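Chemist: One structure, pasted below without further comment.
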Amino acid sequence: MVNYRRSKISGGKYFFTIALRDRRSKLLVERIELLREAMRVTQLRDAFTADAIVVLPEHLHAIWQLPEGDSNYSGRWRKIKSYFTRGLLRSGYPLEKNERGEYAVWQKRFWEHTIRDEKDFECHANYIHYNPVKHGLVKKMRDWPYSSFHRYVKKGVLPESWGECVELNDEEYGE
């Protein structure tokens with residue numbers, strides 16, 4: 001088995017890509033309230049700040065800031081995935097188990113990148129916000145409801161028309 005080495009910086013800022021096992025699924029947006037609840041519960045128990053996020057039908061991207069003295073983002077993602085999966089089961093959603101007896105909702109691994117500086121943060125936040133357009137889900141970012149883009153517009157960080165003539169290089173974003 002491969003031994004993955006992850007960056008572990010106490011109080012670090014990280015970009016993530018988390019995906020469902022079935023990349024044709026629409027489960028994350030169909031059950032968006034359950035995903036939001038899983039994130040809220042985890043955030044209350046194990047603090048983190050979600051600086052940027054976009055939820056697409058079968059994957060999501062996020063930038064998190066962890067508190068000083070803490071680098072355990074893997075534990076937080078494990079809790080979010082588990083809470084979401086248990087919520088699906090409670091709601092009667094049919095889930096199959098894999099050969100190991102586990103519910104095969106999520107991909108085992110996830111992409112993580114340590115945000116190095118403000119420019120790196122800006123590039124990854126832009127990538128997050130542009131992602132629904134990149135995937136052809138909407139023509140304008142303002143039309144995708146599951147994104148922190150709306151929060152950025154409300155705070156005056158980005159104009160509502162931002163990205164309408166942007167092309168982003170996705171080679172380094174873990175998709």
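Throughout, read-outs are computed from the coordinates displayed, never taken from laboratory work. What you see is a predicted model, and the numbers here were worked out from it, not measured in a lab. Every residue, glycine among them, receives a Cβ derived from its backbone with ideal geometry; neighbour counts consider all protein chains shown.
Chemist: Name the GluC sites (Glu not before Pro) in region 1-104 that are in a loop by DSSP and that have at most 16 other C-beta atoms within 10 Å, would you?
Modeler: Glu68, Glu96, Glu99, Glu102
Chemist: Among 136-142, 88-94, how do they line up from the highest to the lowest mean number of other beta-carbon atoms within 10 Å?
Modeler: Descending mean neighbour count gives 136-142, 88-94.
Chemist: Over region 13-153, what portion of Cα pair distances is larger than 26 Å, expressed as a whole percent?
Modeler: 23 percent
Chemist: Ok, one more. Using modelled amide H (1.01 Å from N, peptide plane; none on Pro or chain starts), what sits under 5 Å from the amide H of Arg21, excluding residues fewer than 5 places away?
Modeler: Trp106, Gln107
Chemist: Give the shape of region 93-139 as rounded, prolate or oblate, defined through the alpha-carbon gyration tensor: a ≥ b ≥ c are the square roots of its eigenvalues, a/c under 1.5 means rounded, and otherwise the shape is prolate if a/b is larger than b/c and oblate if not.
Modeler: Verdict is oblate for region 93-139.
Chemist: Turning to a different aspect of this structure: Please tell me which of these pairs span more than 30 angstrom C-alpha to C-alpha: Lys119/Lys139; Lys26/Lys97; Lys79/Lys139; Lys26/Lys79; Lys13/Lys134; Lys79/Lys140?
Modeler: Over 30 Å Cα-Cα: Lys79/Lys139; Lys79/Lys140.
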